[in-house]
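Written below as structure tokens is the structure these notes are about.
The values are calculated or read from the model by the stated rules, or taken from the named source; none is laboratory data. Since this is a predicted model, take the numbers as computed values, not measurements. Please note: Cβ atoms are built from the backbone with ideal geometry, for glycine as well, and neighbour counts cover all protein chains shown. Ligands, DNA and RNA are excluded from the accessible area calculation, which covers all protein heavy atoms including side chains. Shrake-Rupley method; radii C 1.70, N 1.55, O 1.52, S 1.80 Å.
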Amino acid sequence: MTNETHTLKKHKVTTTTVFFMIFCMVCAGAYGIEDMIPTSGPGLTLLLLVALPFFWSIPQGLVAAELGSAIPEEGGYYKWIQRALGEFWGFQACWWRTISIYVDSTLYVILSVGYISSIIPLTGWQTLVLKIFFILAFTYINILGLRSVGRIASYFSIIVIGSFIALILVGVANWQYNPVTPFIPEGQGLFESIGLGIAICMWMYAGYESMSTMAGEVENPQVIPKATILSVPAIMLLYIFSTGACLAAVGHWQSWGVEEGISFGSVAHLLGYPTLGYVFVITAVIANLSMYNTYLASGSRGFFCLADDHLSPRFLKKIHPKHKTPYVAVISMAVVNLLLCQFGFDTLVVIDVFLLMFAYILIYISAIVLRVKEPNLDRPFRIPMGTKGLVVLCISPIILAVVALFTNGLDYFIGGCIGAISGPVAYVICKKAYGGINGSKTILSRDKKAIFILCGVMMIFIAGGLIFF
């Protein structure tokens with residue numbers, strides 16, 4: 001079988017560049033935390049930002065670092081799961097994660113144009129033209145290759161980090177309120193407050209595995225686990241200090257919110273720093289475009305790797321003759337973005353967290369399985385604990401991922417279940433059409449059982465959701 005992955009151009013990428021790329025995919029600023037504050041309360045919001053990484057993002061970063069160092073292949077987490085659990089489950093994780101990125105990455109373009117329109121009035125056609133321009137511009141950058149993507153990500157990250165540091169300093173200089181009072185909203189129980197905020201917090205701390213999909217294009221892929229380990233505490237500190245300083249400066253925790261309320265973009269204006277306020281609007285534009293740039297790179301590698309394993313249409317593994325990038329896969333994602341950018345698609349975005357949680361569960365299970373199946377596998381970075389310790393480390397994020405499936409309301413739940421069912425359906429279609437890794441169009445009996453069980457569980461979930469939500 002021909003494996004065209006090896007013809008992708010490898011780039012000399014530094015740990016610093018990879019750090020900035022991971023920063024863009026996970027964080028790109030603290031935008032989004034604003035919605036946690038009125039629903040969970042300022043005290044609980046800060047506690048979640050401090051505590052959740054120990055049960056969610058730190059295990060995520062450590063597992064991604066170990067598996068990424070041991071299996072530094074193009075496709076990243078897809079290859080880890082495939083090696084541990086087989087073709088079917090590898091396909092599921094790749095399908096779920098890629099579909100979700102194809103859909104919701106458009107949101108970053110929409111948000112960027114929305115921030116621009118807040119300071120420069122735009123007509124309907126001007127808004128559409130600007131969206132199309134951003135999509136085409138970053139598609140071109142991605143076709144040029146990983147080095148170009150990394151360079152833009154580095155520039156954008158420096159601007160975003162610098163802006164947030166300035167905001168933190170301004171917030172501390174204008175300290176007026178206790179940022180942890182009240183702990184939870186008055187009249188609301190602790191359990192309800194946690195449920196409302198934990199899904200947002202998990203989303204804010206997700207994405208450390210995304211860089212792994214491009215490991216085959218990095219000359220020294222071991223820089224990826226190094227950058228992953230560095231990015232976990234850096235992002236944690238940015239979130240905590242930004243939220244704490246701004247709450248201490250402006251208070252009014254009930255009025256915070258991304259769309260209509262106090263946000264990180266409006267804090268400087270409220271404190272009497274209009275110039276910094278406009279800078280922060282520009283920073284918000286840059287932050288969203290930085291996420292689009294890096295997720296266009298990460299997301300497009302999903303279908304490229306599936307095509308390379310004969311599990312998606314062959315044209316998706318075409319490589320640019322000059323730049324040696326998977327340009328057709330990149331363009332395919334851009335086309336989806338172009339189609340969606342003119343519509344409201346909240347009903348599609350709601351399935352994203354659900355599918356992401358399923359993929360993460362498979363990553364944690366794969367880390368444990370590979371420790372058992374391949375104890376002697378070379379792991380340049382190895383989590384400093386035995387297999388039992390690794391199991392303990394992975395239990396908390398698995399539990400949190402399961403809990404997150406049930407905390408987002410009926411629309412998320414039903415939409416997520418339907419999205420999950422699309423995975424086994426797509427596998428059957430692609431396996432029969434293209435033959436898979438072994439070239440056989442016959443589905444293994446164990447995979448048939450897995451398809452039956454997965455679809456059955458999702459149908460039970462849907463029925464249960466309609467009854468109990």
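Under the condition of being surrounded by fewer than 22 Cβ atoms within 10 Å (Cβ to Cβ) and either in a helix (DSSP H, G or I) or at pLDDT 90 or above (or both), the residues counted in the stretch 254-266 number 3.
Yes/no matrix, rows are residues, columns are (1) surrounded by 22 or more Cβ atoms within 10 Å (Cβ to Cβ); (2) in a helix (DSSP H, G or I); (3) at pLDDT 95 or above; (4) not small (Gly, Ala, Ser):
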site	(1), (2), (3), (4)
Asn376	no, no, no, yes
Pro380	no, no, no, yes
Leu410	no, yes, no, yes
Cys430	no, yes, yes, yes
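Scanning the stretch 290-317 for residues that are over 16 Å from Ser210 (Cβ atoms), out of contact with any Leu (no Cβ under 9 Å at 6 or more places or on another chain) and of a type in the set (A, V, I, L, M) gives a single hit, Leu311.
With the requirement that a residue be in contact with a helix residue (DSSP H, G or I) (Cβ under 9 Å, 6 or more places away or on another chain) and basic (Lys, Arg), what does the stretch 412-447 give you? Once the filter is applied, which keeps residues that are in contact with a helix residue (DSSP H, G or I) (Cβ under 9 Å, 6 or more places away or on another chain) and basic (Lys, Arg), the stretch 412-447 yields Lys431, Lys441, Arg446. In the set (1) more than 30 Å from Trp253 (Cβ to Cβ); (2) within 23 Å of the chain's Cα centre (by Cα), the condition left unmet by Leu128 is number (2). In the stretch 109-133, how many residues are within 30 Å of Pro321 (Cα to Cα) and surrounded by fewer than 23 Cβ atoms within 10 Å (Cβ to Cβ)? Going through the stretch 109-133 one residue at a time, the tally reaches 5. Filtered by the rule that a residue be at pLDDT below 90 and open to solvent by less than 40 Å² (accessible area, probe 1.4 Å), the stretch 331-347 gives Leu340, Cys341, Phe345. Being among the β-branched types (Val, Ile, Thr) and modelled with pLDDT under 90 is the filter here, so list the residues in the stretch 438-469 that pass it. Across the stretch 438-469, the qualifying residues are Val457, Ile460, Ile462, Ile467.
Filter the stretch 148-164 for residues that are surrounded by fewer than 14 Cβ atoms within 10 Å (Cβ to Cβ) and either in contact (Cβ under 8 Å) with a residue 24 or more places away in the chain or farther than 20 Å from Ala28 by Cβ (or both) and give the result. Steps first, please.
The initial filter retains those residues of the stretch 148-164 that are surrounded by fewer than 14 Cβ atoms within 10 Å (Cβ to Cβ), namely 155, 158, 162.
Of everything in the stretch 148-164, just one residue is surrounded by fewer than 14 Cβ atoms within 10 Å (Cβ to Cβ) and either in contact (Cβ under 8 Å) with a residue 24 or more places away in the chain or farther than 20 Å from Ala28 by Cβ (or both), namely Ile158.
Count of the stretch 267-284 residues, restricted to those that are of a type outside the set (Val, Ile, Thr), in contact (Cβ under 8 Å) with a residue 12 or more places away in the chain and surrounded by fewer than 20 Cβ atoms within 10 Å (Cβ to Cβ), is 6.
Among the listed residues Arg446, Arg371, identify the single one that is of a type in the set (Lys, Arg), within 28 Å of Phe55 (Cβ to Cβ) and assigned to a helix (DSSP H, G or I). Don't jump to the end; show me each part of the working.
Values: Arg446 fails: within 28 Å of Phe55 (Cβ to Cβ).
Just one listed residue meets the conditions, Arg371.
Return yes when Ser290 is out of contact with any Cys (no Cβ under 8 Å at 6 or more places or on another chain), on the phi < 0 side of the Ramachandran plot and part of a helix (DSSP H, G or I) and no when it is not. It is false that Ser290 is out of contact with any Cys (no Cβ under 8 Å at 6 or more places or on another chain), on the phi < 0 side of the Ramachandran plot and part of a helix (DSSP H, G or I). Give the residues of the stretch 22-56 that are of a type in the set (Val, Ile, Thr), more than 14 Å from the chain's Cα centre (by Cα) and under 28 Å from Gly389 (Cβ atoms), sorted by residue number. Answer for the stretch 22-56, where residues must be of a type in the set (Val, Ile, Thr), more than 14 Å from the chain's Cα centre (by Cα) and under 28 Å from Gly389 (Cβ atoms): just Val50. Criterion applied to Ala297, Ala287, Ala248 was being of a type in the set (Gly, Ala, Ser), over 30 Å from Phe183 (Cβ atoms) and either at pLDDT 90 or above or open to solvent by 10 Å² or more (accessible area, probe 1.4 Å) (or both), and the one residue passing it is Ala297. If you scan the stretch 1-60, which residues turn out to be within 16 Å of Ile152 (Cα to Cα), of a type outside the set (D, E, K, R), open to solvent by 30 Å² or more (accessible area, probe 1.4 Å) and assigned to a loop (DSSP other than H, G, I, E, B)? Scanning the stretch 1-60 gives a single hit, Thr14. Contact map, the stretch 115-130: first residue in contact (Cβ under 8 Å) with a residue 60 or more places away in the chain, second residue open to solvent by less than 60 Å² (accessible area, probe 1.4 Å), Cβ cut-off under 6 Å, separation 6 or more or different chains; pairs are Tyr115/Val281; Tyr115/Ala284; Tyr115/Val285; Ile116/Val285; Ile119/Val281.
One residue stands out among those in the stretch 175-193 that are in a loop (DSSP other than H, G, I, E, B) and aliphatic (A, V, I, L, M): the one that is most open to solvent (accessible area, probe 1.4 Å), which is Val180. For Val63, state whether it is surrounded by 24 or more Cβ atoms within 10 Å (Cβ to Cβ), in a helix (DSSP H, G or I) and among the hydrophobic types (A, V, I, L, M, F, W, C). In short, yes. For the stretch 310-330, filtering for residues that are open to solvent by 50 Å² or more (accessible area, probe 1.4 Å), more than 22 Å from Ile429 (Cβ to Cβ) and touching a residue at least 40 places away in the same chain (Cβ under 8 Å) leaves 2. Being outside any helix (DSSP H, G or I) and within 18 Å of the chain's Cα centre (by Cα) is the filter here, so list the residues in the stretch 386-408 that pass it. Once the filter is applied, which keeps residues that are outside any helix (DSSP H, G or I) and within 18 Å of the chain's Cα centre (by Cα), the stretch 386-408 yields only Asn408.
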